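Below: the structure, in structure tokens.
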Amino acid sequence: MDISTLDFQQARIKQVLFKSRLRSVLYGVREAEASLFDIRQNPLRQWLDAVVKPKYQGTEVFEIERVLQRMLDAGQALVAQYKRGQIEEARAGLGQIDQHSERIEQLLQTLERNGRSA
């Protein structure tokens, strides 16, 4: 596998962008767009499809997709909670998003290490 450090940094930025967009929804800065929770339109998923999958099909890739879907589902549930008026509860739920993001980061690190040794 020949995926550069820059590619992995871009993947991490995509994670931060999602979390930032979700946070801005839960703090009333922007409206939630359906595309925010659509895995096919998710920048990290698109990166996996375009950069990683053509070169590597390890279990980490499928696990990242699984955790990513869970994170998107959790984010969508938080927005629904926010829209129901449970604003503080929704904001408190951002910790769930952080947990999913941390798991994705661990998987990216593993993928990056395996890529160097492949």
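The values are calculated or read from the model by the stated rules, or taken from the named source; none is laboratory data. Values in this document were obtained by computation on a predicted structure and should not be read as measured data. Glycine gets a Cβ as well: all are built from the backbone with ideal geometry, and neighbour counts include every protein chain shown.
Contact map, region 1-26: residues that are more than 24 Å from D73 (Cβ to Cβ) paired with residues that are exposed (fewer than 13 other Cβ atoms within 10 Å of the Cβ) and aromatic (F, W, Y), Cβ distance under 7 Å, separation 6+ or inter-chain. No pairs are found. Under 9 Å by Cβ, and 6 or more places apart or on different chains, what pairs join a residue from region 65-80 that is within 13 Å of A32 (Cα to Cα) with one that is of a type in the set (S, T, N, Q) and assigned to a helix (DSSP H, G or I)? Here the result reads G75/Q96; A77/Q96; L78/Q96, each pair linking region 65-80 to a residue that is of a type in the set (S, T, N, Q) and assigned to a helix (DSSP H, G or I).
How many residues are over 11 Å from the mean Cα position of the chain (by Cα), in a loop (DSSP other than H, G, I, E, B) and of a type outside the set (D, E, K, R) when one looks only at region 16-50? The total comes to 4.
Selection of region 51-86 for residues being part of a loop (DSSP other than H, G, I, E, B), in contact with a Gly (Cβ under 7 Å, 6 or more places away or on another chain) and at pLDDT 95 or above yields an empty set.
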